[in-house]
Amino acid sequence: MILWRVLQVVGVAGILACLMLAWQATPFGGDGWSRARLLYAGAGAIPALALLGIAALGQEMRRVRAALARIEQKLGD
């Protein structure tokens, strides 16, 4: 279903944005260490990971439903 792919794309985009923000909070990507940016990046990663988890659960539920339908069809014959 398209919904699961959309959730995955948004989740991956969120993770990438959080990684970029965390990179900018280091001396390598910014002016120096920024605790606020690191905290903000970590807080943003949680919902992005949740979206990826929800998408994975939705896809697995679809697979289980299809498997159960096949089993019921075989039992009905």
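None of the figures in this text is laboratory data; all of them are computed from the coordinates on show. Please read all numbers here as calculations on a predicted model, not as lab measurements. In this analysis, Cβ positions are derived from the backbone assuming ideal geometry, glycine residues included, and neighbour counts consider all displayed protein chains.
Just a few scattered comments:
- Subset of segment 30-59 (residues that are part of a loop (DSSP other than H, G, I, E, B) and surrounded by 13 or more Cβ atoms within 10 Å (Cβ to Cβ)): GLY30, SER34
- Filtered residues of segment 1-23 (kept if within 11 Å of the chain's Cα centre (by Cα) and in contact (Cβ under 8 Å) with a residue 40 or more places away in the chain): TRP4, ARG5, LEU7, GLN8, VAL10, GLY11, VAL12
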